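The numbers here are math on the coordinates, done by the rules we state, and not lab data. Please read these numbers as outputs of a predicted model, since none were measured by experiment. Counting neighbours? That spans all protein chains shown, and the Cβs are built from the backbone with ideal geometry, glycine included.
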Amino acid sequence: MQAAHPVFYFSLRSPYSWLALHDLRQTRPDLLAAVQLVPFWEPDADYQAQLSMVGSTFLYHPMSREKHLYILADVRRLAARRGLRPVWPLDRAPRWEVPHLAWIVADMHGQGLAFLERVTLARWQEGADICDPDVIARLGSALGLDPNALSSAHTDAAVREVGLTRLQDCIHTGVFGVPFFTVGREKFWGVDRLRDFMAAATGMPAIDLSDPLSSDDSPPPAILDHAGGCG
């Protein structure tokens, strides 16, 4: 019997997706290269209307301020274990279709993983506004992709249709947060379940990243009044 194909549901909005991507790159780059990548993002009004017409509901719900504050400290803690320091982005009226539909275009050209890694780095380690089409164009151009196709992907009807199928895939699978992984019918949610996902996908024990925790867990005050892209 052929083994089930592993799937990694990611979000360019989520710091936990960033950490999961980092861990996969560090511990099992072969698995990272083999997984099916599926984007997950909070849909705009047009997408929500389309989903409603077919009786579908996006499963992610905005978090409370208290949970948000916890996540900011938690991400700082988890990043410190890995020798990383997040550069917290400021999201002002973000349009998540901009980076995620651009990822779909990059993936169509065989650069899905490369684009995911570059945009993730830009957001979480450079503090870039990845919902700015000009930023997306610049990042894609450095990978040899058409900057115009990337920066306009969120307005391209054909790309939006593909995006709708990806959102429906997330809903059908039951993805309610990211990172989310599947191997056949097995589901794993969160970066803390990454070891279990790797074991299920490969049949081998995964490497544990367990560097000492940082003693400075306080989130930077400048970002306490916005969504921060956590999820």
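Please report, ordered by residue number, every helix of the chain (full DSSP H runs) that is 15 Å or longer along its axis going by C-alpha atoms and whose mean Kyte-Doolittle hydropathy reaches 0.0. Mind showing how you got there, number by number?
Details: long enough: 15-27 (18 Å, -0.52); 65-81 (25 Å, -0.46); 97-108 (16 Å, 0.79); 112-126 (20 Å, 0.03); 157-173 (24 Å, 0.12).
What comes out of the filter, once short or polar helices are dropped, is 97-108, 112-126, 157-173.
In terms of the mean number of neighbouring beta-carbon atoms within 10 Å, the peptides 103-110, 37-44, 13-20, 157-164 order highest first as 13-20, 37-44, 103-110, 157-164. What whole-number distance in Å separates the alpha-carbon centres of the stretch 104-124 and the stretch 154-208? A separation of 16 Å, based on Cα centres.
At q = 0.12, 0.20 Å⁻¹ the log10 of I(q)/I(0) for the stretch 1-137 amounts to -0.54, -1.39, computed by Debye summation with a single uniform scatterer per C-alpha, solvent ignored.
Compared with the alpha-carbon gap, the fully stretched path from residue 66 to residue 148 is longer by 25.6 nm at 0.36 nm per residue.
Estimate the FRET efficiency between residue 126 and residue 176 by the formula 1/(1 + (r/R0)^6), using the beta-carbon distance for r and 45 Å for R0, to the nearest 0.05. Calculated value: 0.95. If you take the square roots of the eigenvalues of the alpha-carbon gyration tensor of the stretch 118-170 and sort them as a ≥ b ≥ c, do you get rounded (a/c under 1.5), prolate (a/b over b/c) or oblate? Cα axes put the stretch 118-170 in the oblate bin. Modelled spin labels at residue 52 and residue 30, positioned 7 Å past Cα toward Cβ, are 4.9 nm from each other. Here r is the Cβ-Cβ distance between residue 84 and residue 192 and R0 is 25 Å; the resulting FRET efficiency, rounded to 0.05, is 0.95.
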